[in-house]
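Engineer: Could you have a look at this structure, given as structure tokens, before my questions?
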Amino acid sequence: MTKTTFSRFRRTALAAIAISGLAPLASAQQPIVIKFSHVVANDTPKGKGAERFKELAEKATKGRVKVEVYPNSTLYKDKEELEALQLGAVQMLAPSLAKFGPLGVKEFEVFDLPYIFPNRAVLQRVTEGPVGQGLFQKLEGKGIKGLAYWDNGMKVMTANKPLHKVTDFRGLKMRIQSSKVLDEQFRALKANPQVLAFSEVYQALQTGVVDGSENTPSNVFTQKMHEVQSNLTVSDHGYIGYAVIVNKKFWDSLPADVRTQLEGAMKEATAYANTIAQKENDDALAAIKASGKTKVYYLTDEEKAEWRKALMPVHKSMTSRVGKDLIEAIYKESEAAGVKMN
């Protein structure tokens, strides 16, 4: 079967599955099913947030809605889930913000820019303000409705060698999500970026297909990446967050009162997920240290300044992709919070 034939076959299969997904009210006696698919473990901020939403949604709707959570890529992998959502084969996702660039909404890759968020206060101003809502509006033309932004946290670097100085990255094969910004980030460090699905990272690290990766401590620990990486650097150079999204046609077909109840459940689940994100990462980092399998290193102020000097030019080089106005809008939020970006 050729790649083109397989792609057509997969789209046909997904479309067939979607028939029931886009008709939530087919039977008054049956609950409305929301399939919530994601690619990380249950015991991560996103995993726990999804489970909390399920609990709150089913309670708020008094059983009119049933939420089925599928973690760890058990339903769809990174590269499949957005297409499945658009076709209605799954109703809800929480993909990382980097996933929307390949979909054609490249402005979301602004979240991938290194050192774009100096602190969590600035991040919150962006996601909860006009910038975040404006980005959600860009998804609607793709048949997607944005409901909430969920935090994961700030990223660390891992490899089988110490990563203290910029020169330590030279020649390393570093796993990235499919993001032009992340590609540019590692090229600025003279490393070789390699796009891999999240579910494939552990094996790729274990077998040496890639030398290292960037992620949050909670993802590193729950996926056991620390068992196949000898060094971890706490760099806080970038951010990983998620957008909780639904199939817009499905969402619009719901009774108004059910939508209101689900919005309330999502608001409460979002507050919960974002509150626990920092603690989950702190606990994961402590567990990685306790395992004795990985040496954890914190950048000095001088080393962090060197990293920042090497990576800040990525903002300028990616202006044409993510938009000058968008980058400047985030800079203004930083300045409003008392932080200068240049």
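The values are calculated or read from the model by the stated rules, or taken from the named source; none is laboratory data. All values derive from a computational prediction rather than experimental measurement. Note that we place each Cβ from the backbone using ideal geometry, even for glycine, and neighbour counts take in every protein chain shown. With ligands, DNA and RNA removed, areas are computed over all heavy atoms of the protein, side chains included. Shrake-Rupley method; radii C 1.70, N 1.55, O 1.52, S 1.80 Å.
Engineer: Could you calculate the FRET efficiency of Thr300 with Glu328 from 1/(1 + (r/R0)^6), where r is the beta carbon distance between them and R0 is 35 Å, rounded to 0.05? Working shown, then result.
Structural biologist: Numbers: r = 31 Å, r/R0 = 0.88.
So the FRET efficiency works out to roughly 0.70.
Engineer: Still on this structure, please answer the following. Can you give me the P(r) profile for region 115-219? Cα pairs, bins 10 angstrom wide beginning at 0, each as a whole percent.
Structural biologist: Whole-percent P(r) values from 0 Å outward: 13, 35, 32, 18, 2.
Engineer: Using the Karplus curve 6.51 cos²θ - 1.76 cosθ + 1.60 with θ = phi - 60°, what ³J(HN,Hα) values do you get for each residue of region 228-237, in whole Hz, with x for Gly and Pro?
Structural biologist: Ordered by residue, 3J(HN,Hα) equals 10, 9, 7, 9, 9, 10, 7, 10, 6, 7 Hz.
Engineer: Among Ser253, Thr233, Leu326, whose Cα sits farthest toward the positive end of the charge dipole of the chain (+1 at Cβ of Lys/Arg, -1 at Cβ of Asp/Glu, about the Cα centre)?
Structural biologist: Of the candidates, Ser253 comes out farthest on the positive side.
Engineer: Report the one residue of Tyr149, Phe100, Val40 whose Cα lies farthest in the direction of the positive end of the charge dipole of region 36-159 (charges on C-beta: Lys and Arg +1, Asp and Glu -1; origin at the Cα centre).
Structural biologist: Working it through, the farthest residue towards the positive pole turns out to be Tyr149.
Engineer: Please work out the average accessible area per residue across the chain, using the 1.4 Å probe convention, and give it in Å².
Structural biologist: On the way: 15270 Å² over 342 residues.
Normalised by residue count, the accessible surface of the chain is 45 Å².
Engineer: Let me ask another. Rounded to a whole number, what % of the accessible area of the chain do carbon and sulfur atoms account for, probe 1.4 Å?
Structural biologist: Values: 7770 of 15270 Å².
C and S atoms contribute 51 percent here.
Engineer: Hey, another quick one. With n ≥ 4 as the cut-off for DSSP H runs, can you work out [θ] at 222 nm for the chain, using -39500 (n - 2.57) per run divided by the number of residues, rounded to the nearest 500? Show your work: numbers first, answer last.
Structural biologist: On the way: 15 runs with 164 residues, N = 342.
Taking each H run of at least 4 residues, the total per residue is -14500 deg cm²/dmol.
Engineer: Taking amide H positions as placed in the peptide plane 1.01 Å from N, state which residues far from Tyr239 in sequence (5 or more) or on other chains have amide H under 5 Å from it.
Structural biologist: Hits under the 5 Å cutoff: Lys155.
Engineer: With N denoting the number of residues in region 117-169, provide Rg(C-alpha) divided by 2.2 N^0.38 Å, to two decimal places. Kindly include the intermediate steps, with their values, before the conclusion.
Structural biologist: Numbers: Rg = 16.6 Å, N = 53, 2.2 N^0.38 = 9.9 Å.
In units of the globular-protein estimate, region 117-169 measures up at 1.67.
Engineer: Quick one: which residues, 5+ away or cross-chain, put their amide H under 5 Å from the amide H of Val90? H built at 1.01 Å from N.
Structural biologist: Amide H to amide H, under 5 Å and 5 or more residues apart or across chains, Val90 pairs with Leu85.
Engineer: In addition: Taking the chain as a Gaussian network, where each spring joins two C-alpha atoms under 10 Å apart, which residue of Lys309, Lys35, Lys248 fluctuates the most?
Structural biologist: Lys309
Engineer: Using the alpha-carbon atoms, what tilt in degrees (0 to 90, nearest 10) does helix 324-336 show relative to the longest principal axis of the chain?
Structural biologist: Once rounded, one gets 80 degrees.
Engineer: Step through the residues of region 308-314 one at a time and calculate ³J(HN,Hα) from phi using the Karplus curve (6.51 cos²θ - 1.76 cosθ + 1.60, θ = phi - 60°), rounding each to whole Hz and writing x for Gly and Pro.
Structural biologist: Residue by residue, region 308-314 yields 4, 4, 6, 9, 4, x, 4 Hz.
Engineer: With all distinct Cα pairs included, what does the Kirkwood hydrodynamic radius of region 27-121 come out to in Å, to one decimal, could you say?
Structural biologist: Hydrodynamic radius (Kirkwood, Cα only) of region 27-121 equals 14.9 Å.
Engineer: Quick one: which residues, 5+ away or cross-chain, put their amide H under 5 Å from the amide H of Glu68? H built at 1.01 Å from N.
Structural biologist: Ile34, Lys35, Phe36
Engineer: Just Ser218, Ser179, Ser253 to compare: in a GNM of the chain, with alpha carbon springs under 10 Å, which one fluctuates most?
Structural biologist: Ser253
Engineer: Any idea how far the Cα center of region 59-129 sits from the one of region 145-194, in Å?
Structural biologist: 19 Å
Engineer: In addition: Would you kindly state how much longer the chain becomes between Glu268 and Tyr202 on full extension, computed as 0.36 nm times their sequence separation minus their alpha carbon distance, in nm to one decimal? Display every interim value, and only then the final one.
Structural biologist: Numbers: separation 66, 0.36 × 66 = 23.76 nm, distance 3.27 nm.
Using 0.36 nm per residue and subtracting the Cα-Cα distance, I get 20.5 nm.
Engineer: What are the ³J(HN,Hα) values, in whole Hz, obtained from phi via the Karplus relation 6.51 cos²θ - 1.76 cosθ + 1.60 with θ = phi - 60°, for each residue of region 71-84 in sequence order, with x given for Gly and Pro?
Structural biologist: Ordered by residue, 3J(HN,Hα) equals x, 6, 6, 6, 9, 9, 8, 3, 6, 9, 5, 5, 5, 4 Hz.
Engineer: For the chain, set up a GNM with springs between Cα atoms under 10 Å and report which of Gln91, Gln177, Gln29 has the largest fluctuation.
Structural biologist: Gln29
Engineer: Out of the DSSP beta bridges found with both residues in the chain, what percent are antiparallel (nearest 5)?
Structural biologist: Values: 19 of 37 bridges.
Restricted to the chain, the bridges split so that about 50 percent are antiparallel.
Engineer: While we're looking at this one, here's another question. At 0.890 mPa s and 25 °C, plugging the Kirkwood radius over alpha-carbon pairs of region 60-103 into Stokes-Einstein gives what diffusion coefficient in µm²/s?
Structural biologist: On the way: Rh = 11.8 Å.
Answer, rounded: 208 µm²/s.
Engineer: Could you give the distance between the Cα centres of region 284-342 and region 237-265, to the whole Å?
Structural biologist: 29 Å
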